[in-house]
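Only one structure is covered here, and it is reproduced in the block below.
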Amino acid sequence: MRYLTIALTKGRLADKTLDLFEKAGITCEEMRDKDTRKLIFVNEDLKLRFFLSKGPDVPTYVEYGAADIGISGRDIIMEEGRKLYEVLDLGIGKCRMCVCGPKEAEERLKHHEMIRVATKYPNIAKDYFYNKKHQTVDIIKLNGSIELAPIVGLSEVIVDIVETGSTLRENGLTVLEEICPLSARMVVNQVSMKMENERISKLIDDLRKVIQGD
Ligand code: PRP
């Protein structure tokens, strides 16, 4: 039996994912060690291999088959637009993709004025403004701390993730429009889904039972 490889997202999603996996009997003790510099972790009994990678890289590993399975935020899946199967909503990492800004920006947004939109998610922002709202905007790609952009005058609004809303509140910003709800998803390589259907389907079923509390 060959190893099935699972790519997990580094950071706050990793612990929640491992908790869920453990409840489904998919354990990997080594991965809990915060100090380790190891990149690959193995569960010999289940013939599973795990690795942690930066969020946007997870769909890349899965599309190319370097990982059979990935756990990734829906934001990343939408932004990356990779060819893969999205098979399960894990119900963790719940948040929303929103257009945010100072209250004053609301009118300019409503009247379809030419505004600048700062975001880590240019593809999601383009799809929302161009295809859904038919509104022309200037999209500026940033790599983090997006809330800074309207405060220092780089853009009128931002497209970003809102979880608790505290980053917005503490910086005098607010949600102006909601684009879509988000959560962590399981994605599967299209060839692996055929070649390893039985094992992957069992993993999905086991996780689904935990999520549904069966
Ligand atoms: C994310 C997001 C917001 C914040 C939202 O940033 O970009 O800034 O979390 O969470 P909240 O609604 O609970 O305040 P992250 O911490 O991932 O870092 P980044 O700013 O570098 O992207």
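The values are calculated or read from the model by the stated rules, or taken from the named source; none is laboratory data. What you see is a predicted model, and the numbers here were worked out from it, not measured in a lab. For neighbour counting, all protein chains shown are included, and Cβ atoms are generated from backbone atoms with ideal geometry for every residue, glycine included.
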Q. Which residue out of Ala184, Ala105 is within 21 Å of Leu8 (Cβ to Cβ), in contact with a strand residue (DSSP E or B) (Cβ under 9 Å, 6 or more places away or on another chain) and buried (at least 16 other Cβ atoms within 10 Å of the Cβ)?
A. Ala184
Q | Residue ID - farthest from Gly73 (Cα to Cα), chosen from residues in the stretch 124-171 that are part of a loop (DSSP other than H, G, I, E, B) and away from the ligand (no atom under 16 Å from the Cβ) | A | Gly153
Q) Do we find a residue being touching a residue at least 60 places away in the same chain (Cβ under 8 Å) and either among the charged types (D, E, K, R) or in a helix (DSSP H, G or I) (or both) anywhere in the stretch 112-121? A) no
Q) Does the stretch 31-50 hold any residues that are charged (D, E, K, R), surrounded by 12 or more Cβ atoms within 10 Å (Cβ to Cβ) and more than 24 Å from the chain's Cα centre (by Cα), and which are they? A) Lys47
Q.
Please go through the stretch 171-214 and give me each residue that is among the hydroxyl-bearing types (Ser, Thr, Tyr) and over 30 Å from Ala125 (Cβ atoms), ordered by number.
A. Ser192, Ser201
Q: Please enumerate the residues belonging to the stretch 1-38 that are assigned to a loop (DSSP other than H, G, I, E, B), more than 16 Å from the ligand (Cβ to nearest atom) and not hydroxyl-bearing (Ser, Thr, Tyr).
A: Met1, Arg2, Ala24, Gly25, Ile26, Cys28, Asp33, Lys34, Asp35, Arg37, Lys38
Q. From the residues in the stretch 150-173 that are within 19 Å of Glu107 (Cβ to Cβ) and surrounded by 17 or more Cβ atoms within 10 Å (Cβ to Cβ), which one is nearest to the chain's Cα centre (by Cα)?
A. Val159
**Q.** Boolean, Lys110 is at pLDDT below 95, surrounded by fewer than 21 Cβ atoms within 10 Å (Cβ to Cβ), more than 23 Å from Val152 (Cβ to Cβ) and among the charged types (D, E, K, R)
**A.** yes
**Q.** Flag if Met186 is part of a strand (DSSP E or B), within 11 Å of the ligand (Cβ to nearest atom) and under 26 Å from Ile6 (Cβ atoms)
**A.** no
